[in-house]
Amino acid sequence: VLPQLSSLCICSVGSTEIDAALPSLKDLYVHGAETLRLRGPHLQLPQLSQLSLRTLRVAAVSWPALPQLASLASFECRQITTGALSKLGRLTSLTVGWSRECWEAAGRVLHAAPPSVHHLCFDGYKNDWSQPPPLGRVTQLTSLRCNSPAIIPYLGHLAQLQQLELGQHSAADITMEHSGWLCGLSSLQQLRFGRELDCRDSATGRLKQVWK
């Protein structure tokens, strides 16, 4: 069935079930579904490299059927299966949302992330940092993108982190406390901000102190 299909986007549906061999499928996007069942005796996705799951109540995925998966996004998923996720040795990029409603599901994904994951992104505008994300299982990260500097105090154990991007902020949002935490990230090579900074701002001096 559809042997040449390489990309599939499913949006705003009640329930979706995929239990078929799609030998050429590389990108799968499921947004706004009540339930996704990506599993079954006939499921074969040998070329799938990108999977994006957004705003789902339940995502039931048979991860062994996705041996080539390299990029996974799980954003505002209330429930998601994580059994065998840790065995996906080609998975290098992970995107999750960290809103209060999805703490549990996103936490399970982070706990199950394989050691091959080197790039992590916290996506969305409703991220809630009153409960820190469990980053203790992804200490091999080299790149992290987040929309808030509130993540900085939780990065101390990421000994291989080389790039940090704060997409919705400028250096003016970096406090002295943040600067202290940044000083402890000895492997950090790039610190990027999504907004420009007035060179006269006092934050410029704080950042210069970090890089001394």
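The values are calculated or read from the model by the stated rules, or taken from the named source; none is laboratory data. Owing to the predicted nature of the structure, the values given are computational and were not obtained by experimental measurement. Note that each Cβ is placed from the backbone with ideal geometry, even for glycine, and that neighbours are counted across all protein chains shown. Side chains included, ligands, DNA and RNA excluded: accessible areas come from the protein's heavy atoms. Shrake-Rupley method; radii C 1.70, N 1.55, O 1.52, S 1.80 Å.
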Exercise for review: Go ahead and estimate [θ] at 222 nm for the chain from helices alone: -39,500 (n - 2.57) per DSSP H run with n ≥ 4, summed, over the residue count, rounded to 500.
Suggested key: -3500 deg cm²/dmol
Review point. Along its principal axes, what span do the Cα atoms of the range 50-173 show, with the longest given first and each in whole Å?
Key: 45, 30, 21
Check your understanding: Of the heavy-atom accessible surface of the range 1-158 (probe 1.4 angstrom), what whole percent is carbon and sulfur?
Key -> 50 percent
Review point. Mind checking which of Ser148, Ser24, Ser130 has the largest fluctuation in a GNM of the chain, springs on alpha carbons under 10 Å?
Key: Ser130
Check your understanding: Taking the chain as a Gaussian network, Cα atoms linked when under 10 Å apart, which of Phe75, Phe122, Phe193 shows the biggest mean-square fluctuation?
Key -> Phe193
Point to revise | Protection proxy ranking of 46-59, 132-145 - average other beta-carbon atoms within 10 Å, highest first | key: 46-59, 132-145
Revision key, fill the gap. Beyond 16 Å, the calculated P(r) of the range 94-148 holds a percent of Cα-Cα pairs equal to 34 percent
Review point. How large is the accessible surface per residue of the chain, computed with a 1.4 Å probe and reported in Å² as a whole number?
Key: 49 Å²
**Study point:** Largest-first principal axis extents of the Cα set of the chain (Å)
**Key:** 61, 30, 29
Practice item. Starting from the Kirkwood radius over alpha-carbon pairs of the range 1-111, derive D by Stokes-Einstein at 4 °C in a medium of 1.567 mPa s and give it in µm² s⁻¹. Key: 94 µm²/s
Study note, to complete from the structure: Percent of all alpha-carbon pairs of the range 5-47 at distances over 13 Å, whole number, is 55 percent
